[in-house]
Amino acid sequence: MIVKDEFLGKLRRYFSLNLYEAKVWTALLSRGVSTAGELSDIANVPRSRSYDVLESLEKKGFVVMKIGKPIKYIAVPPHEVLERVKKNLLSDTESHIKKLDDLKETDLLDELSSLHTQGVELVEPTDLSGSLRGRMNLYNHMEFTIRGAEESVTIMSTAQGLIRKVEALKPTLEELKKRGVKIRIAAPLDSDGAKEVAKDLEGVAELRNIDHIDARFIIVDGTEVLFMVMHDDHVHPTYDIGIWVNTPFFAKALDQLFDMAWTTLKPLKQ
């Protein structure tokens with residue numbers, strides 16, 4: 001049986017299978033019922049490995065072992081396999097999340113936090129900088145950075161970026177507002193999508209429309225800056241890149257430039 005590498009690659013990605021498992025499973029699907037030896041020949045998998053592979057597939061719910069001699073294996077319908085994989089994935093994820101939540105109550109997290117605090121104290125503030133790749137990493141660090149704000153959060157964004165930020169950061173921004181943190185956001189608000197999400201932030205942040213500058217950055221307390229180096233329309237989310245720096249000199253200068261532009265921008269209601 002000849003199966004394209006691209007097809008096997010998709011099976012491995014979506015069902016978390018290794019190469020031998022993907023080959024044996026597709027071979028069994030093509031036969032319905034078969035022995036380990038037959039599947040080894042069809043799938044071009046070493047006989048010494050075929051039983052281990054079938055045992056693994058059985059544990060994952062892809063096949064059923066038929067009692068008798070010789071031992072045969074029955075293929076579970078793909079739709080049922082999909083549901084089993086989803087169920088197992090949810091169960092494993094919930095179990096892993098519970099373990100991480102339980103970690104909060106242990107001494108291990110306190111020890112890790114202590115190590116981090118001691119390490120940071122030995123570092124110059126200007127050395128606390130780095131690059132971040134991938135939009136998910138960017139937004140995770142963005143939330144971490146603004147969560148510690150005490151006085152102000154300044155955001156300049158594209159229209160699509162504003163939509164994403166409201167979806168990802170709104171609960172954090174609401175919490176900052178309750179703590180008295182001043183939040184200002186400048187973004188193109190002409191599109192319907194941007195206008196709609198901007199309304200969700202009324203009472204949380206002060207928003208103003210900007211249509212003559214393309215920029216993506218966040219300033220926190222005039223000390224930290226996170227800025228993206230490319231326009232989000234021109235880069236795939238996987239390859240989006242941001243630079244995070246902890247330097248009051250640069251952050252305050254950028255904040256002052258933002259203040260100058262802010263006075264010329266129209267508030268959201270206008």
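The values are calculated or read from the model by the stated rules, or taken from the named source; none is laboratory data. Source: prediction; values computed, not measured. A quick note on method: Cβ atoms are made from the backbone with ideal geometry, for glycine too, and the neighbour counts reach across all protein chains shown.
Worth pointing out:
- Test for residue 185: is it under 16 Å from residue 146 (Cα atoms) and out of contact with any Asp or Glu (no Cβ under 6 Å at 6 or more places or on another chain): yes
- Segments classed as strands (runs of 3 or more DSSP E), wholly inside segment 134-211, with at least 1 members that are in contact with a Lys or Arg (Cβ under 7 Å, 6 or more places away or on another chain) and more than 16 Å from residue 265 (Cα to Cα): 152-156
- Filter pass, residue 147 being under 16 Å from residue 222 (Cα atoms) and charged (D, E, K, R): yes
- Out of 112, 89, 103, 162, sole residue that is at pLDDT 85 or above and not assigned by TED's automatic domain parsing to the domain that holds residue 232: 89
- Filter result for residue 255 (at pLDDT 90 or above, farther than 16 Å from residue 165 by Cβ, surrounded by 13 or more Cβ atoms within 10 Å (Cβ to Cβ) and touching an Asp or Glu at 6+ places or on another chain (Cβ under 6 Å)): no
- Failed criterion for residue 118 (all others in (1) surrounded by 10 or more Cβ atoms within 10 Å (Cβ to Cβ); (2) outside the structural domain of residue 241 (by TED's automatic domain parsing); (3) modelled with pLDDT under 85; (4) of a type outside the set (A, V, I, L, M) hold): (1)
- Residues that are closer than 16 Å to residue 184 by Cβ and among the basic types (Lys, Arg) were ranked within segment 129-173; the one that is surrounded by the fewest Cβ atoms within 10 Å (Cβ to Cβ) is 170.
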